[in-house]
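Each remark here refers to the structure printed beneath this line.
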Amino acid sequence: MRVSTHQVFQRSLNGILDAQTKVSNTQEQISTGKRVNKASDDPAATASIYLLKNQIATTEHYVRNSTLAEGELQLQESVFQSIESSILRVRELIITAGNGAYNAEDRKGLATEVSQRLDEMLNYLNSKSANGEYMFAGHQGQIKPFAKNPAGGYQFQGDEGQRLLQISSELSVAVRDSGKAIFADIPEPENFSTRAAIANTGTGAISVGNVINQEDFSRFHPQDIQIEFVTANTFTVKLTPSGTDVGVTSGAQSGYTIGSAVEYVAGQPLEFEGVHIELSGVPQAGDDFFVESDPIATRGLLNGVDTLLTGLNNIGDSPAEQLELEEMLADALVSLDAASESLSVAHGQLGARLNVIETAQRSNEDWKLLNQTTLSDLEDVDYTEVISRFSLETVALQAAQQSYARISSMNLFQYL
């Protein structure tokens, strides 16, 4: 076989270029610390490296979301604690207002602080998060959730949505709550209305009345009570429509037992099931009067405190107004307790979310570390191996270059 001079030179040159390529690739691995810098370095590992990098990037996104969610909920928890403190102080003021030694002017002094606490609550309920959006407006983060109504009272202006953040591939957590559910949709204390039957033939009348024991009244609400005059001078008190006898605790004659007729005394206070009413006039046998449970309505935290403020400023010291004051203060306590319970439930749910976030953060960090370890095994260089290889490849390159120099300098004239 004939080997031309051109072939000899080309094969030598190719050997040098191959050696240079190997040295160059190894130098790149040493400088980058990566075994795979392009797909051709290891086609099989490249696909796995791509998937692992995507998984790590996604996990890092979940970690950032978890941190953001934790910050949002911790800020909301701080607001909850502030609102709870305000509610507690207003509750103390209500109890103080019920002191029999306080007159109308004293109560107006208490109303001044109640007004300040009301403004304080409104400010808390309109708190903003770190990104400048309102916390309790639902999805309407740019709209102030609670505002004073020109016609009186306060109204909710947001929606009932919740803001969610995804903190893992299968888990999202709420970082914003609607203030409607927590602070607005709070049931008012149960109450009642009174009326005389249209068919009555006497001139008897029933007072508006008031609830003097909310716990007792709540036991039979939403049932109604019928007061039926058996004679012009006696009546019975029964639940309607069941007809069950109701025990009268005040206004009944000595020796009264549940189910027996009560002696009628015009204008005498009558109390039963936490209800206080008065019957007056001259009723006739067969006349009926009704105490009817009102449907449960919602008032909300701000409107409950606003009603309390109005009562403290306007209720006077007459005996009739004292009864009104007692009912108003009792209703205010029930309303505040309901608001406190609603807030407590929301606070508990918030704590549960923080626990979920903490668990998700640990899981995300563990998953990220596992993927990074696997990625490192596929992608990173073993410096001991690569430096040893670099030394061998450098020697091979130098040998190829020296051989080429010797071969390129040979010709036949040297042997003539």
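Each reported figure results from applying straightforward, stated rules to the coordinates on display, with no laboratory input. The structure presented is a predicted model; accordingly, all values stated were derived computationally and were not measured. Every residue, glycine as well, gets a Cβ built from its backbone with ideal geometry; the counts of neighbours run over all protein chains shown.
Label-to-label distance, SER344 versus ILE143, with points set 7 angstrom from Cα along the beta-carbon direction: 3.2 nm.
Here's the picture: a label point sits 7 Å out from the Cα of GLU358 along the beta-carbon direction, and within region 57-90 the residues with their amide nitrogen under 17 Å of it are 66-78. The ratio of the alpha-carbon radius of gyration of region 231-270 to the globular-protein estimate 2.2 N^0.38 Å is 1.13. Just subtract the alpha-carbon distance of GLU215 and ARG64 from 0.36 nm times their residue separation and send over the number in nm, one decimal. Here the segment from GLU215 to ARG64 would lengthen by 49.5 nm. What the Cα convex hull of region 93-142 gives, in volume per residue, is 86 Å³. Residue order for TYR50, TYR154, fewest other beta carbons within 10 angstrom first, comes to TYR50, TYR154. Computed on region 192-296, with alpha-carbon pairs under 8 angstrom and 6+ residues apart, the relative contact order is 43 percent.
For region 165-219, the set of trypsin sites (Lys or Arg not before Pro) satisfying both a DSSP loop assignment and a count of at most 10 other C-beta atoms within 10 Å is empty. When the inverse distances between all different Cα atoms of region 46-155 are averaged and flipped, the Kirkwood radius reads 17.7 angstrom. In this simple spin-label model, placing a label point 7 Å from the Cα along the Cα-to-Cβ direction at both GLU84 and ASN123 gives a separation of 2.1 nm. Ranked by the mean number of other Cβ atoms within 10 Å of their residues, highest first, the peptides 143-153, 326-336 come out as 326-336, 143-153. The chymotrypsin sites (Phe, Trp or Tyr not before Pro) found in region 206-292 that occupy coil by DSSP, while having at most 15 further C-beta atoms within 10 Å, are TYR256.
Panel note: the C-alpha atoms of region 192-296, placed on their principal axes, show extents of 33, 32, 25 Å (largest first).
Between THR46 and THR373, what is the FRET efficiency for a Förster distance of 30 Å, r being their Cβ-Cβ separation, to the nearest 0.05? Calculated value: 0.95. Select from region 270-368 those trypsin sites (Lys or Arg not before Pro) which occupy a DSSP coil region and have at most 11 other Cβ atoms within 10 Å, ordered by residue number. For trypsin sites (Lys or Arg not before Pro) across region 270-368 that sit outside H, G, I, E and B with at most 11 neighbouring Cβ atoms in 10 Å, the list is empty. Taking the charge dipole of region 192-296 about its Cα centre, with +1 at Lys and Arg Cβ atoms and -1 at Asp and Glu Cβ atoms, the residue from SER193, ILE258, GLN284 reaching farthest to the positive side is GLN284.
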